[in-house]
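The values are calculated or read from the model by the stated rules, or taken from the named source; none is laboratory data. Bear in mind the structure is a predicted one, so any value in this text is a computation, not a measurement. Here Cβ is always computed from backbone atoms with ideal geometry, including for glycine, and neighbour counts include all displayed protein chains.
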Amino acid sequence: MFTTQDIAQLREQVRLWKRQGETVAFVPTMGNLHLGHITLVKEAAKHADHVVVSIFVNPMQFGANEDLDAYPRTLDADKAALVDAGVELLFTPTPEIIYPKGMDKQTFVEVPKISDELCGASRPGHFRGVATIVCKLFNIVQPDIALFGNKDFQQLMVIKTMVEDLSLPIEVIGVDTIREQTGLAMSSRNGYLSAAQKLQAATLKQTMDEMADAIRRGEAIPNVVQASEAKLMQAGFKPDYLAVRNANNLHEVIEQDSALVILAAAYMGTTRLIDNLTFQR
């Protein structure tokens, strides 16, 4: 595996592949890789001739009181996992490479409306940071295909909307969430949880499953949400939001909508966990 921080080196390798008529899939990450990331990488290899991965902890998507400095950085272990997964090219830029003028002078990308609700309401500016770095990485790597986890459902919708709105020639693929045996969605932030908290946190997925069953039976969504928030609090969570939306556009649910998604964010101790569940009613 070739590892570089240099944009020109990365571009030259990608150009070489494309001159040979070969395709490139891209998996952007913030490192601290787990099975969910490796699943993305292996899925990427099914869709293209070559896989490029980036590791960059993006300061633009962290708020003032969030865990940028504490975010786990495990580059050596990440490299070993990517070599085992067959990745050929790893891009590991620094903030100075990505934002040479500083973030306050950086042109940004913002996807309206969808970026301002749910996680966007709780984390102002977060999706501006996500859209900006993903757009920048897309322009650096110029992949044919990019893969993201469905666990970050709203993020995936933001990125798909950006790609459509800006006419970027990239196919964006969402990959199913990888879960622990308890049902807890795999996340780098799970490392902040104690063993007992991890067991408690499995209630999040169980609650969403029960919500979907109740909504399919015809129970009113506001009543289901209210009862489910109470259940999460009984399990030790502090809910940030719990919502049911149209799975195709994240709009509020109307009577004729059949494809739905439950979106949840809740704190277990000081750790903020997110998850979602798509279903048909």
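Restricting the search to helices (runs of 4 or more DSSP H) fully inside the range 193-281 and requiring at least 3 residues that are closer than 18 Å to Asn150 by Cα gives 203-216. Assess whether Thr177 counts as being in contact with a Gly (Cβ under 7 Å, 6 or more places away or on another chain) and either part of a helix (DSSP H, G or I) or crowded, with 18+ Cβ neighbours inside 10 Å (or both). For Thr177, the condition - in contact with a Gly (Cβ under 7 Å, 6 or more places away or on another chain) and either part of a helix (DSSP H, G or I) or crowded, with 18+ Cβ neighbours inside 10 Å (or both) - is met.
Kindly indicate whether Leu90 is outside the structural domain of Tyr267 (by TED's automatic domain parsing), at pLDDT 95 or above and part of a strand (DSSP E or B). Answer is yes for this residue. For the range 268-275, the criterion of being without any contact (Cβ under 8 Å) to a residue 12 or more places away in the chain and more than 12 Å from Ile215 (Cβ to Cβ) is satisfied by no residue at all.
With respect to being touching a residue at least 12 places away in the same chain (Cβ under 8 Å), under 14 Å from Leu250 (Cβ atoms) and in contact with a Cys (Cβ under 8 Å, 6 or more places away or on another chain), Phe127 fits the description. Within the range 202-224, residues that are closer than 15 Å to Val253 by Cβ sit with their Cβ atoms under 6 Å from residues that are aromatic (Phe, Trp, Tyr), at 6+ positions apart or across chains, in these pairs: Ala212/Phe279.
Can you work out which of the residues in the range 1-46 that are among the β-branched types (Val, Ile, Thr) and part of a helix (DSSP H, G or I) is surrounded by the most Cβ atoms within 10 Å (Cβ to Cβ)? Taking the candidates together, the pick is Val41. For Val57, are the conditions met, namely being in contact with a helix residue (DSSP H, G or I) (Cβ under 8 Å, 6 or more places away or on another chain) and not basic (Lys, Arg)? Spelling it out, it is not the case that Val57 is in contact with a helix residue (DSSP H, G or I) (Cβ under 8 Å, 6 or more places away or on another chain) and not basic (Lys, Arg).
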